[in-house]
Each structure stands twice: as C-alpha cells, then as structure tokens.
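Presented below is the structure to which this report refers.
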Amino acid sequence: MPLVNLRTVLDHAAANHYGVAAFNVNNMEQIQAIMEAANETESPVIVQASRGARSYSQDNYLRHLMLAAVELYPHIPVVMHQDHGNSPKTCISAMENGFTSVMMDGSLLEDAKTPADYDYNVKVTQEVVKLAHAKGVSVEGEIGTLGSLEHKEPSAAPKAAEPHDADLEQEPEPEGAMSHLTDPEEAERFVADTKVDALAVAIGTSHGAYKFTRKPDGDILAMNVIEEIHRRLPNTHLVMHGSSSVPQELQDEIRKYGGKMNQTWGVPVEEIQRGIKHGVRKINVDTDNRMAMTGAIRKVFSLTPDKFDPRDYLKPAREAMKKVCIDRMVAFGQAGHARKIKV
Ligand SMILES: [Zn+2]
C-alpha cells in the first residue's frame, strides 16, 4: 500500500476510539524500529520528520527510506508527516517530497519562535490547507502556544537538554516564555476558519525531556482543556505534542552507564489515555525513543569498550526503540487496526 494521509488513519482511529503515536525519525534504524513494532502489533503508523530531521537525513534519503518501509510492509498503512512546518514553503517542499500530511504551525512566525497572532495563523494555515487538500494531503494546525505551566528553576533543564543548532524537533520555547493554553472558543473558530484535519492544542506539555519537575497533576497538565475543546469540536482530531512519558527506567539506564540527566517527569501514559477518551488521536513521541537508543548505546560502550562495529550498538539501539514503540502502540490502542483501515 502506498503512503496514506493522516485523515484516513485518524478518521478510523476516531470511529474506533483509539489514538495513534506519531514517532519522529532522522535515520534508517529509527524507521526500522517503528516498522518492526508496527508489524508485530499490526498497527497503523505515523512517521514524522521535523525540518531539522529533513536537513539531517536529506529529503531524498528520507523519501526512499519511507518507500522501502511501505514496500516491505504492504499491509500497514503509513503516514509521512511534516512536524512543525514553519511556513507554507516548508509544507510545499514536504509535499513535493512525498509527505502525505503536513503541520502548518502558524502559532509561531516563520522564525519558529515568535508567537504569531490569530489572523496570521489563519492566513498561513488556510493557504496550506488549500494547496494540500487539492493533492489529498492532510493538514495539522496549532492554536495556543506549547510550553510548561510550571515556574521552573533555571537549573531544572541543563544546557545539554537544549535544542542543538537549528534542529527544530525541540520546538524553541523562548526563555521565560509561558505557555499560552489553547482557548477552546478560539480553537472552535480556528477550525471553522481553516478546515484543518487535525488540531494541536497547548495544555502545558513541552518538547524535550524536561517537561515537569514533579509527576504532573491538573495544575500543570491541563487535560480539562482537552475535554472542553472536544466538547466544542467533537469531529476534530486533537493532537498532543511533547507527549513522551520520560520513563524512570530509561532515565536510570542512561545514568547507570555514565549519562548525565537530571531527574524529570514526562506525560504519564494514563493521562494520554484519558485524552484519547476525549478526542486525542495523534500523540507525538520523540524523547522516549531518543532516550531508549542512547541508553542502549551507552550500555554497549560501557560494558564492551572494545567494540567498534556500528552494528554492535545500533542493533541494540534499534531494539530498545522498537520496545518503546510497541509499548505506546499497545497503550494508545492502535495495535490490531492496521488491516482494518480501507484506503
Ligand atoms: Zn511539537
């Protein structure tokens, strides 16, 4: 089966009350990990690439890796999604490279850090929807500004956890900037104005490993906002960004083999499951996979410092990521649905 668009998968997810993880990729091993996990669990798949990932892997490599994925697993519906497109231009180049879904993040200006106003967001999103829908490509928009609701001590997030160079997987969150929670009334207006297929909402999650300084409760993770948006927009597919769970065992593994990571908390899987009951259909997960791979590689380097064949550490890294993917696919309910989606 060729790559399918996001709408096809999320409509099925909504009709059958499940959520679908969207995993970020930069290279072959990550794509293989996701596809092996999907094959074992019979899950539909959303693979996404940020601008940073596209520039790291190069569009041609990425396109052909994704074509290899659908060729190897013809029974699995696979969506190729542009994560955080910063301009219509970025979304257009994604479509030219075979992406079947694009996010136009007009909540920020083209620099991907300055918050934009509502009219700008509607204008650029409408432009992308018009172009994309003409090609059968789906569009995710965003309303509100992602970021933490906590007043964190500056030391809570060590510099090592900051986004590296221009890699925008970790969306820039200007220092000291506070999250602007999605206003449900504005969300309703935005969907009517733009006709997006999916809507990213801000509920206090942030990108990267340092999301919360304690296990999140309703004060810092506003799941009630999702419930209110879903009440107003029962037919819109909601998207949770920054939704890695940052499991304790992955933190411990990295520390055990010499990595430096301060204690941190992510989004508990049970909170995501609560979201799925209230319209969340796409759940973005990147950090957990990065951590799993890093822990596995550190372990090989630490226990067998004589190894130098990249396969000796990339294979366990791929296995570790696959395990995280399987866990999420089962927890979000997408497992078992791959063959039921009719394209
Ligand atoms: Zn995001």
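Here are the numbers for the structure shown:
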quantity: Residue that is nearest to Ser55 (Cα to Cα), among those in the stretch 65-81 that are open to solvent by 10 Å² or more (accessible area, probe 1.4 Å) and aliphatic (A, V, I, L, M); calculated: Leu65
quantity: Only listed residue being crowded, with 19+ Cβ neighbours inside 10 Å and out of contact with any Lys or Arg (no Cβ under 7 Å at 6 or more places or on another chain), chosen from Val324, Val269, Val285, Val239; calculated: Val324
quantity: Selected residue (only one of Ala14, Ala33, Ala22, Ala38 is closer than 25 Å to Glu271 by Cβ, open to solvent by 10 Å² or more (accessible area, probe 1.4 Å) and aliphatic (A, V, I, L, M)); calculated: Ala14
quantity: Helices (runs of 4 or more DSSP H) fully within the stretch 1-115 counting 1 or more residues that are more than 20 Å from His337 (Cα to Cα) and not acidic (Asp, Glu); calculated: 28-41, 51-57, 59-72, 88-96
quantity: Residues of the stretch 59-89 satisfying the condition of being among the charged types (D, E, K, R) and in contact (Cβ under 8 Å) with a residue 12 or more places away in the chain; calculated: Asp59, Arg63, Asp83
quantity: Unmet requirement for Met291, which otherwise passes all of (1) farther than 30 Å from Val225 by Cα; (2) crowded, with 18+ Cβ neighbours inside 10 Å; calculated: (1)
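Yes/no per residue for (1) closer than 22 Å to Asp183 by Cβ; (2) within 19 Å of the chain's Cα centre (by Cα); (3) open to solvent by 50 Å² or more (accessible area, probe 1.4 Å); (4) within 16 Å of the ligand (Cβ to nearest atom):
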| site | (1), (2), (3), (4) |
| --- | --- |
| Asp83 | no, yes, no, yes |
| Ile92 | no, no, yes, no |
| Met95 | no, yes, no, no |
| Ser101 | no, yes, no, yes |
| Met104 | yes, yes, no, yes |
| Ala116 | yes, no, no, yes |
| Asp119 | yes, no, yes, no |
| Val124 | yes, no, no, no |
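The values are calculated or read from the model by the stated rules, or taken from the named source; none is laboratory data. A quick note: this is a predicted structure, and the numbers were derived from the prediction, not measured. Because the Cβ atoms are built from the backbone with ideal geometry, glycine has one as well, and the counts that use them run over all protein chains shown. Heads up: the accessible areas ignore ligands, DNA and RNA and are worked out on the full protein's heavy atoms, side chains in. Shrake-Rupley method; radii C 1.70, N 1.55, O 1.52, S 1.80 Å.
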